[in-house]
Structures are given as C-alpha cells and as structure tokens.
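As structure tokens, the structure follows; a few thoughts come after it.
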Amino acid sequence: NNTDDHFFPQHGMILSASLLYAGIGGTQRFLKNRESARFYYSLEDKFDITTILKYKITYGYLKEIGYTPLNERFYLGGLGTVRGYDYGSISPKDSQGTLIGGKYEFITGPEISTPISLKNRLWLSGFIDYGVVGENSLNISRSSYGIAVNWVTPMGPLSFIWAWPIKSKPTDDLQKFEFNIGTSF
C-alpha cells in the first residue's frame, strides 16, 4: 500500500495476495488463493477539478483436496464484487437450484470520483463492475453500473450506492441501493 490517504486515495496502489490452506487437523481439505490490486490515479493536471480514476482487479482460485465448506467457495454480488446484485447471489447452482459457490472468481471495474466538498470529505463516484464466477471455468458473468456518494464522518466513512445491472437475468436477485459503513470501492 503506497496510497496517499486511507479513505480517499488520489495516488498509489494497494496490492494484496492471500493463500489459505486447510488440512492440518480437522476434516476440511482445500487450498484457496486470492490476489487483488487497486490503482488510484489523479486526473487533476488534466482537468480543472480534482478527479480520481480508480481501477480494481481481483482473481481467486479454490483447489478442493477433500471436504470444502460452501462458505469457503466464491460468490459474487454486493459490495466489493458486483454492486446491483444481492450479496452472494451470483454463483453456480446445484440440480435443486441451491447456490453452491464457485472455484474461480474474477472481478474488475473502473470508477471515477470527484469531490462534492473537500472540506467535508464528501465524494461522488460513477462506476462499472464486472464479475465472473464458475465451478470448472469462469462461465457465470454479471455486470452493473452506478453511482455512489461517499462521506467521511466522525463515526467513520459512509457510502450510499445506487447500482443497476447490465443485462440481468429474470432469476437474478437485485439490490439497487446499498448503504455501507466503510469504503465502497
């Protein structure tokens, strides 16, 4: 992390990687890998107002060695993945239609932000989210676009997000408005 601000970075990047192995004791046996990158670039020299271009990309892979609980699999939808869909509602399903999660995930999307009030740390953002999840390959994809109002208050950052799916399916569970205490990107 070499960003210039914890809540509203204007320059820098945040890179992360995690590797989880379950198999030493107990009944669970799996390997879960996830890499993520978030980039922040100020466009202030190109425009007369402060404008921040953000880009995120995440990839995850799960290798099942034995028993893997459903909550360790990948589900998309909601904050941090594809806004505009219910949390965890984008996933492979079993023969009864139950969400079972995927072994692969890929999430990406740009966001552009500009301050409504720098003094009050109130920002307006526009975004596009795209995510793909799957069992044997990345084959279930969804995307959305929307706006967010982010505000750092004395009790912490608040986010109000309005998102609309792009080409949703009739069976998708949608969530067009979300409220979050914490950052939304």
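Computed from label points 7 Å out along Cα-Cβ, the spacing between Trp162 and Leu124 is 1.1 nm. Rounded to the nearest 20 debye, the dipole magnitude of the range 62-185 is 300 debye, with +1 charges on Lys and Arg beta carbons, -1 on Asp and Glu beta carbons, and the Cα centre as origin. In the chain, a dipole from Cβ-located charges (positive for Lys and Arg, negative for Asp and Glu) runs towards its positive end, and of Ser42, Trp162, Thr68 it is Thr68 whose Cα lies farthest in that direction. When both the range 1-48 and the range 98-129 are represented by their alpha-carbon centers, they are found 14 Å apart.
Straight-line cross-link partners of Lys32 among the lysines, defined as a Cα under 23 Å from its Cα and at least 8 positions apart when in the same chain: Lys56, Lys63, Lys93, Lys103. Carbon-plus-sulfur fraction of the accessible area of the chain, 1.4 Å probe, in percent? The value for the chain is 58 percent carbon and sulfur by accessible area. Okay, which of the range 4-18 sit inside 15 Å, backbone N to the point 7 Å along the Cα-Cβ direction of Tyr61? The answer is 17-18. Solvent exposure of the range 1-64 amounts to 64 Å² per residue of accessible area, where only protein heavy atoms count and the probe is 1.4 Å.
Starting from the Cα coordinates of the chain, work out the convex hull volume and express it per residue in Å³. Spelled out: Cα convex hull of the chain, divided by residues, is 135 Å³. At the listed q of 0.12, 0.13, 0.14, 0.29 Å⁻¹, the Debye profile of the range 15-66, built from one uniform point per Cα, gives log10 I(q)/I(0) equal to -0.47, -0.51, -0.54, -1.01. Couplings 3J(HN,Hα) for the range 96-102, derived from phi with the Karplus relation 6.51 cos²θ - 1.76 cosθ + 1.60 (θ = phi - 60°), are 8, x, 7, 5, 10, x, x Hz, where x marks Gly and Pro. Positive end of the dipole of the chain, charges at C-beta (+1 Lys, Arg; -1 Asp, Glu), about the Cα centre: which of Pro92, Leu174, Ile116 has its Cα farthest in that direction? So the residue furthest toward the plus end is Pro92.
The values are calculated or read from the model by the stated rules, or taken from the named source; none is laboratory data. Values in this document were obtained by computation on a predicted structure and should not be read as measured data. Using ideal geometry, Cβ is built from the backbone for each residue, glycine included, and neighbour counts are taken over all protein chains shown. Ligands, DNA and RNA are excluded from the accessible area calculation, which covers all protein heavy atoms including side chains. Shrake-Rupley method; radii C 1.70, N 1.55, O 1.52, S 1.80 Å.
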